[in-house]
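Below is one structure, written out as structure tokens; the observations come after it.
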């Protein structure tokens, strides 16, 4: 059960555009933002950062950045964000079979060597303590430009904020990401943790 309950989206009318943007990303307004709206300026700032990091005009596809977010959230242990990021990846254009092969990314032909290096980077960057080292960075630089690496790390850091927010708040997981977690992530030990009620 969430430590602080989300408020209804209508509570803060001036956030309607921001909420619509997140609804287009996820298919719903996330409980994290509905809780956060107690300080509207934080929601607006987070919305602007999200738009900058996930900019479709960038040099890394937004859908792939959502996969990076999944891996960094997995490293951080935030089960809410693990499920959310995969919902967003699908909506952002990542093929369902690729999402379904997320546990086999190291061997699946659906993932390139460049993607494997970037996903390993996300795991290392999302870990505490951070485990990005020179060898991993050298491997990453074989496939990605410096501009792209900035975008890759931007996605990891964006979700670093959400990982801390949602795990600290025990944000309740919405139905769609919960179903995805039950279908796909349970095979890797995902349970939903504190983000699902004990009686659910």
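Every number here is computed from the coordinates shown, using simple stated rules; none is lab data. As the structure is a computational prediction, the values presented were derived from the model and not from experiment. We place every Cβ from the backbone using ideal geometry, glycine too, and count neighbours over all the protein chains shown.
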Check: In the Gaussian network model of the chain, springs joining C-alpha atoms below 10 Å, which of 128, 43, 60 carries the largest mean-square fluctuation?
Finding: 128
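Using the Cα atoms of segment 34-118 to build a convex hull, what is its mean projected area in square nanometres? Working shown, then result.
Working: hull surface 25.0 nm².
Over every viewing direction, the Cα hull of segment 34-118 projects on average to 6.2 nm².
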Item checked: Label point distance in nm, residue 21-residue 44, each placed 7 Å from Cα along Cα→Cβ -> 1.1 nm
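Taking the Kirkwood radius as the inverse of the mean 1/r across Cα pairs, report the Rg/Rh of the chain.
Rounded to two decimals, Rg/Rh equals 0.96.
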Next item on the list: Calculate the length of the line joining the C-alpha centroid of segment 35-72 to that of segment 114-168, in whole Å.
Entry: 15 Å
Notebook entry, point to check: Cα axis of helix 79-91 to longest principal axis of the chain: angle in degrees, 0 to 90, nearest 10?
Noted result: 80 degrees
Check: What angle, in degrees between 0 and 90 and rounded to the nearest 10, separates the Cα long axis of helix 40-53 from the longest principal axis of the Cα atoms of the chain?
Finding: 20 degrees
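Sort 157, 81 so the one with the fewest other Cβ atoms within 10 Å of its own Cβ comes first. Don't skip to the end; give the middle numbers.
Values: 157 15, 81 32.
The most exposed by this proxy come first: 157, 81.
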Note to self: As a footprinting exposure proxy, order 55, 17, 167 by other Cβ within 10 Å, with the fewest listed first.
What the structure shows: 17, 55, 167
Margin query: Quick check on the exposure proxy: order 61, 174 from fewest to most C-beta atoms within 10 angstrom.
Written below: 61, 174
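If each DSSP helix of 4+ residues adds -39,500 (n - 2.57) and the sum is divided by the residues in the chain, what number results at 222 nm, nearest 500 deg cm²/dmol? Each step should come with its number before you reach the end.
Values: 10 runs with 116 residues, N = 200.
Dividing the helical sum by the residues of the chain leaves -18000 deg cm²/dmol.
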Checklist line | Degrees, to the nearest 10: 146-169 long Cα axis against longest axis of the chain | finding: 40 degrees
